[in-house]
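Everything below concerns the one structure shown next.
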Amino acid sequence: MKVLIVGGGGREHALAWCAAKSKRVSEVLVAPGNAGTHLEPGVRNVQVRDDDIAGLLDLAAREAVNLTIVGPEAPLVAGVRDAFDANGLACFGPSAQAAALEGSKSFTKEFLRSQGIPTADFSIVETVEEGRAVIAQRGVPLVVKADGLAAGKGVTICGDEDSAEQAVIEALQDLKFGEAGRQLVIEEFLDGEEASFICLCDGQTALPLATSQDHKARFDGDQGPNTGGMGAYSPAPVVTRAVHDRIMHEVINPTLAGMAARGAPYQGFLYAGLMITPQGAPKVIEFNVRLGDPEAQPLVMRLQGDLIEACLAALDGKLDRFTLAWDERHALGVVMVSDGYPGSYAKGERITMQDAEAQDVKVFHAGTSLKQGVLVTNGGRVLCVTALGDTIASAQARAYESAQRIDWPGARYRMDIGHRAVARDSAIN
Ligand code: AMP
Ligand code: GLY
């Protein structure tokens, strides 16, 4: 069968690589893809943008695609799944109504509250006056969030009342996040360690993937501005067996039940961004309606089962009878970015790579392209160098060894991806 992956980042390279390994798959198309997917055996890029729903429908029909898997959230929130359904084409990802779990923070917070799912206590405000009142009443620290999709930039953590008021004014008066910031969620600051908990869902049943954790801050020691993710690893030791059970019972299962009860059964990847409190209680920070990026890269390195079979079972509503096998080893990915990211950065810099890949080491591309056959940078997050190891420390060492074999003038990366897991591991051994 033919599979179409929608998107052009590191997650989509990981999905395409994984799909190409499936025995069921004869060819993988990626729209629009990147240099990494272009170079991948069994994979072909097609120049259709990931938000061009009409173009994607046309492509899937023209190429007789049997299954489309959508990587990024924007086309899902815009209704790509609904459009494929209406045209009788198989598409894995939530409907627009279900994708509100990422598309609207206020919807999600109200949903969590009504389902009794643990999350930070919150208020929703639409005017600066309301914002001031909530800040005065709640006190600091607190977190100010734009309601809609703001490309990961709509969240401000405020340690004092002035910066909280500033964040409210910038969103509501200056429209810093455009329409996405016309409504704000102001919520309690949560203490603990973050984890990413990602499931495949068929509307009724959730099949959890292996656990993972990413590093959002740009600089070592988790300092500096938030990014899309500077690295990730799997498993995440903070998610112990007991925490795992609590997440399924307190967060994931009630989410699926609540969405089904609202007439919007959730089918697709569901990513719960969680804070695990020092007492081991999970609290929802956010939902994403997709696989994480860069969590997907270490996850696919550990996946031994067939992802395409899993997506087909989910579309059939048969995940209750499906299992996925995972490599026991640890996987860790280091994201190499362009100097300046998450602010502005140069594009078109020539990338050199010498023997960067080996057994159990894979370089997933994100912002790359080929210019007259030469590999160049084409984005903020450029590559994710991912390795497997018997321990988290050995996976980390192998990923960094490989990153050292890659260079371009503005190449930058954090040197401490996985530091929490490595510290826990050495504490145990
Ligand atoms: P979000 O876009 O909602 O995932 O927020 C981005 C990041 O901000 C999260 O990954 C957390 O690191 C941080 N964050 C968001 N909400 C909270 C909160 N209530 N308490 C502490 N940190 C938060
Ligand atoms: N790694 C965070 C995200 O995919 O949003």
Log10 I(q)/I(0) at q = 0.13, 0.16 Å⁻¹ for segment 306-429, from Debye over equal alpha-carbon scatterers, is -0.67, -0.86
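Any idea what the dipole of the chain comes to, in debye rounded to 20, about its Cα centre with Lys/Arg Cβ at +1 and Asp/Glu Cβ at -1? Mind showing how you got there, number by number?
Numbers: 40 positive and 55 negative charges, 191 e Å.
Taking the Cα centre of the chain as origin, the dipole is about 920 debye.
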Going from the fewest other Cβ atoms within 10 Å to the most, one would list Ser369, Ser123, Ser26 as Ser26, Ser123, Ser369
Once the in-chain neighbours fewer than 8 apart are removed, the aspartates and glutamates whose Cα is under 12 Å from Lys105 read Asp147, Glu187, Glu286
Taking a straight Cα-to-Cα line shorter than 14 Å from Lys371, and setting aside same-chain aspartates and glutamates fewer than 8 residues away, one finds Glu349
Magnitude of the Cβ-charge dipole (Lys and Arg +1, Asp and Glu -1) of segment 203-362 about the Cα centre, nearest 20 debye, reported as 440 debye
For Lys2, counting only lysines whose alpha-carbon sits under 18 Å away and dropping same-chain residues fewer than eight positions off, the answer is Lys21, Lys23
Projecting the Cα atoms of Pro237, Val300, Met275 onto the charge dipole of segment 233-350, where Lys and Arg contribute +1 and Asp and Glu -1 at Cβ, the residue farthest towards the positive end is Met275
Taking the square root of 5λ for each eigenvalue of the C-alpha gyration tensor of segment 144-263, the equivalent ellipsoid has semi-axes, largest first and in whole angstrom, of 29, 21, 13
The chain, Kirkwood Rh and Cα Rg, ratio Rg/Rh at 0.95
The alpha-carbon pair-distance distribution computed for segment 257-355, with 10 angstrom bins and whole-percent values, is 11, 27, 35, 20, 8, 0
Sorting Trp408, Val140, Val422 by the position of each Cα along the dipole of the chain (Lys, Arg +1; Asp, Glu -1; all at Cβ), the one nearest the positive end of that ordering is Trp408
Per the helix-only model, the chain has a calculated mean residue ellipticity at 222 nm (DSSP H runs of ≥4, -39500 (n - 2.57) each, divided over all residues, rounded to the nearest 500) of -8500 deg cm²/dmol
Normalised per residue, the volume inside the convex hull of the alpha-carbon atoms of segment 365-429 in Å³ amounts to 88 Å³
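At a Förster radius of 35 Å, what calculated FRET efficiency corresponds to the Cβ-Cβ distance of Ile157 and Ser26, to the nearest 0.05?
0.15
Taking the Cα centre of segment 376-429 as origin and charging only Cβ (+1 Lys, Arg; -1 Asp, Glu), how large is the dipole, in debye to the nearest 20? Please list the in-between numbers first.
On the way: 7 positive and 5 negative charges, 38 e Å.
Roughly 180 debye for segment 376-429.
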Output ordering of 353-365, 191-203 (per-residue mean of other Cβ within 10 Å, highest first) is 191-203, 353-365
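Can you give the FRET efficiency to the nearest 0.05 for Asp51 and Glu193, using r as the Cβ-Cβ distance and R₀ = 51 Å? Don't skip to the end; give the middle numbers.
Values: r = 34 Å, r/R0 = 0.67.
The computed FRET efficiency comes out at 0.90.
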Whole-percent tail of the Cα-Cα distance distribution for segment 227-306, cut at 14 Å, equals 70 percent
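FYI, it's all coordinate maths here, none of it is from the lab. This is a predicted model, so every value here is computed, not measured. FYI the Cβ positions are ideal-geometry reconstructions off the backbone, even for glycines, and counts take in every protein chain you see.
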